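Shown next, in structure tokens, is the structure this report addresses.
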Amino acid sequence: MDGEERMGRYRDKTTSPTKKVRPFPSTELLILREGASMHLQVISHCGGGDLWKVWVWWMEGSLDGIFTMEMRTGIAKCAENTPNTSVKPARKGRESSVTMSEGQKFQAEGYGDMVISKLQALRRNTELCDFKVSADGRVFEVHKALLAATSDYFRVMFGGVMAESKQDTVDLKGVTADGLQHIIEFIYSGEMALTLDNLTEIINTASHLQVSFALDVCSNYIKSLMTFDNAEDFLHIADTYSLDKVTAHWESMIQDKFYEFSQSQAFLKMDGEALSRHLSQNTLRTTSEYQLFMCLDKWFRAAPQRIASDAPRCLRHIRFALMSEAELAVVCENDAVQRCPGGIGQQLVAKGYRYHADCKKGHPVIDEACEVRATGPSLILVHHGTSYMPFQVIAYNHSAALFYSLFSDVNGSRDCRVASIDNFAYVCRIVDFGGGTLMSSLFRFDPRHLVGQELRPMRHLRLEFALVSHAGRLYAFGGSTEQFAILDSVESYNVQTNFWEELLPLPTPTHSLAGLSVGNKIYLSGGVSGQDRQTTNTFVSFDPTAQTYQALPGMLYARRLHDMVHVRDRVFVLGGIPKPGVPLYGQIPIESFDLTTSQWTMLSSTLSGRSIGHYSNFEGQILALGHEHHTATEDEIWTFDPELDDWCKYAKAPQRTSLNSAMCIQLFVNFNDDKISKKFLREK
């Protein structure tokens, strides 16, 4: 195969129909690597600037890889190579980023340490010293350049119009000789010997001379010693010298170990405003909201007069809706709740009761008092269940790299779709209750109390439909019946009223389609059309407010049983099964639709297969469950970087759990909660 054939095949796989290829002045370069000749053949321009995609192969004809290179004035040199290699090779069939520039920089190992040690030796031998500093009658000979580089105080002194800038000595006031000696030693070595006896003296000198790195070292020393019992003196030092890192560390200690903090005298001395601030934060780690309330009760009992002044603002940050009804019954009789001015305490407990009552009837009113104490959403896996595996809800704790079983029951489902509203998981499923009888079910899972509840099911029994949550409602599009009739009906579920209503039907009956909410629109793609029962590449938007559909440019590949994810102004279509007869050999490309330009771009491919619910946007990257990527296994989760068009492994499900029958959403989960912390899944 010659170069032109290679280039043609590459264009077919990577260049979208709308992409313009910029001509390159020199289409072939010759580079030597360890004595071997290598060709670079330009394929296409990659966008702005001087980036180009090129084929790379050796003179013998063996393909080495595909590169993205920066070409400037016909000169190509690699900035990411080894000393003996002109170009860093990529693995076959994959792209690698290589930056070509006119020069190449190498870092000398240990150079900075060597320079500092040489300067210290010069000072000890009083060689080339050009300035003197003194305190309490002791004189130190130094180098002005190093002092100016490490101390803002000296930099301003030497570079300004102060009288000292023209002198060769300065006598410092407000610092001690010992403190000055420690700071000078630090400037020349980056090290200092700290003890509790000299700490304040050194901090005072470092602060006076504005040596920020010395203050950081002192702050780290304080942080290493700080406990809830000895913090008072350290916090006084931090406040005096504005050691913000120490203060932030103290705040973090309280948030991370609040119960331990509540057993200290520092907790009992804390003022109401500071305590209220801590209680309001989602970063506060607690095993239960009831335990948190009991800590607050201890604080009130230490000084009962606080109830009149601080109970209203502190109790407002206790999330009574997260307590069980049994716990609320105990809290309701508490002295702080009963004596809270204006009856505010009793009103707040009543809101907690109301949450439970509303959940039994429908959807509760959600406010701050219902928020789970978590800093961000967690990945939730919903296994729709099989004959050998129950219906399960599993959460993944990224920081601990552990999976937790939150809920399970024996009712497996034949088909399942999942969406989230107000931190509830809504599961629309078709349940087989035995005897071949299929029934539609709407199940809601609450991660606050780890309970599930059956709600009013859809009006139509649907298989292979699309489910989308949008503006506090669920939308079910299309699907097929048990007798394989393809549906065009659309219905919407109002979570507040627990009622389904019919909406404007689809332009064409469709099953196995994908849906996604972005902004004020719902986007629908692909599926199998009821007109000719063929897989389609359609892409339409639906306006729920105006009840209108708008046809958009179709996907490059028709597909069904796929998934869609929204990442930064782009809709990504991933996985699924292509139209029969398309020669993709078990693979299907990822496509992205730019919402600003209405253009499609084709990216790398995944394995074709059922992908409903297998993808999710997680912190700007796309999570993929199971055997989607070529080298992934059924029990693995991988991430796809849409900017780099690249994959990496993210997590592995425990107990060899197959994720092919799972779907994913994201919910806020408190993994410190007693109800959850003991439910982590162990490897068998």
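Can you go through I318, I307 and tell me which one is in contact with a helix residue (DSSP H, G or I) (Cβ under 8 Å, 6 or more places away or on another chain), surrounded by 19 or more Cβ atoms within 10 Å (Cβ to Cβ), farther than 24 Å from V669 by Cα and β-branched (V, I, T)?
Working: I318 fails: farther than 24 Å from V669 by Cα.
Selected residue: I307, the only one of I318, I307 that is in contact with a helix residue (DSSP H, G or I) (Cβ under 8 Å, 6 or more places away or on another chain), surrounded by 19 or more Cβ atoms within 10 Å (Cβ to Cβ), farther than 24 Å from V669 by Cα and β-branched (V, I, T).
Of the numbered conditions (1) surrounded by fewer than 21 Cβ atoms within 10 Å (Cβ to Cβ); (2) on the phi > 0 side of the Ramachandran plot; (3) of a type outside the set (S, T, N, Q), P341 fails exactly one; give the number of that condition.
Of everything listed in (1) surrounded by fewer than 21 Cβ atoms within 10 Å (Cβ to Cβ); (2) on the phi > 0 side of the Ramachandran plot; (3) of a type outside the set (S, T, N, Q), P341 misses just condition (2).
In the stretch 192-223, what count of residues is obtained for those that are surrounded by fewer than 18 Cβ atoms within 10 Å (Cβ to Cβ), under 37 Å from the mean Cα position of the chain (by Cα) and under 21 Å from S134 (Cα atoms)?
Residues flagged as surrounded by fewer than 18 Cβ atoms within 10 Å (Cβ to Cβ), under 37 Å from the mean Cα position of the chain (by Cα) and under 21 Å from S134 (Cα atoms) within the stretch 192-223 amount to 2.
For the stretch 457-486, which positions are farther than 20 Å from T437 by Cβ and open to solvent by 10 Å² or more (accessible area, probe 1.4 Å)?
Here is the first cut: in the stretch 457-486, the ones farther than 20 Å from T437 by Cβ are 466-478, 486.
Correct list: L467, S469, H470, A471, G472, R473, Y475, I486.
Which numbered condition trips up W500, out of (1) over 33 Å from the mean Cα position of the chain (by Cα); (2) over 21 Å from R429 (Cβ atoms)?
Only one criterion in (1) over 33 Å from the mean Cα position of the chain (by Cα); (2) over 21 Å from R429 (Cβ atoms) is unmet by W500, namely (2).
Quickly run through the stretch 604-618 and pick out the residues that are surrounded by fewer than 18 Cβ atoms within 10 Å (Cβ to Cβ) and among the hydrophobic types (A, V, I, L, M, F, W, C).
Residue satisfying the conditions is L607 alone.
If you go through the stretch 538-547 one residue at a time, do you hit one that is loosely packed, with under 13 Cβ neighbours inside 10 Å, among the polar types (S, T, N, Q) and in contact with a Lys or Arg (Cβ under 8 Å, 6 or more places away or on another chain)?
Among the residues of the stretch 538-547, not one is loosely packed, with under 13 Cβ neighbours inside 10 Å, among the polar types (S, T, N, Q) and in contact with a Lys or Arg (Cβ under 8 Å, 6 or more places away or on another chain), which makes the answer no.
Among the numbered criteria (1) modelled with pLDDT under 95; (2) out of contact with any Ser or Thr (no Cβ under 7 Å at 6 or more places or on another chain); (3) open to solvent by 60 Å² or more (accessible area, probe 1.4 Å), which single criterion is violated by T597?
Against the list (1) modelled with pLDDT under 95; (2) out of contact with any Ser or Thr (no Cβ under 7 Å at 6 or more places or on another chain); (3) open to solvent by 60 Å² or more (accessible area, probe 1.4 Å), T597 comes up short only on (1).
Does V431 count as crowded, with 19+ Cβ neighbours inside 10 Å, β-branched (V, I, T) and free of Cβ contacts under 8 Å to residues at least 24 places away in the same chain? Walk me through how you get there before you give the answer.
On the way: crowded, with 19+ Cβ neighbours inside 10 Å: yes; β-branched (V, I, T): yes; free of Cβ contacts under 8 Å to residues at least 24 places away in the same chain: yes.
Criteria met by V431.
Out of (1) more than 20 Å from D674 (Cα to Cα); (2) open to solvent by 30 Å² or more (accessible area, probe 1.4 Å); (3) in a helix (DSSP H, G or I), what's the single condition that is false for M294?
Among (1) more than 20 Å from D674 (Cα to Cα); (2) open to solvent by 30 Å² or more (accessible area, probe 1.4 Å); (3) in a helix (DSSP H, G or I), M294 violates only (1).
Within the stretch 401-414, which residues are within 20 Å of R656 (Cβ to Cβ), open to solvent by 30 Å² or more (accessible area, probe 1.4 Å) and not in a strand (DSSP E or B)?
A401, the sole residue that qualifies.
From A302, A274, grab the single residue that is of a type in the set (A, V, I, L, M, F, W, C) and either open to solvent by 60 Å² or more (accessible area, probe 1.4 Å) or in contact with a Leu (Cβ under 7 Å, 6 or more places away or on another chain) (or both).
Working: A274 fails: either open to solvent by 60 Å² or more (accessible area, probe 1.4 Å) or in contact with a Leu (Cβ under 7 Å, 6 or more places away or on another chain) (or both).
Matching residue, one of A302, A274: A302.
Which condition from (1) closer than 25 Å to T240 by Cβ; (2) of a type outside the set (G, A, S); (3) open to solvent by 20 Å² or more (accessible area, probe 1.4 Å) is the one that Q167 breaks?
(1)
The values are calculated or read from the model by the stated rules, or taken from the named source; none is laboratory data. Predicted, not measured: the structure shown is a model, and the values here were computed from it. No Cβ is skipped: glycine too gets one built from the backbone with ideal geometry, and neighbour counts run over all protein chains shown. Accessible surface areas use protein heavy atoms only, side chains included; no ligands, DNA or RNA. Shrake-Rupley method; radii C 1.70, N 1.55, O 1.52, S 1.80 Å.
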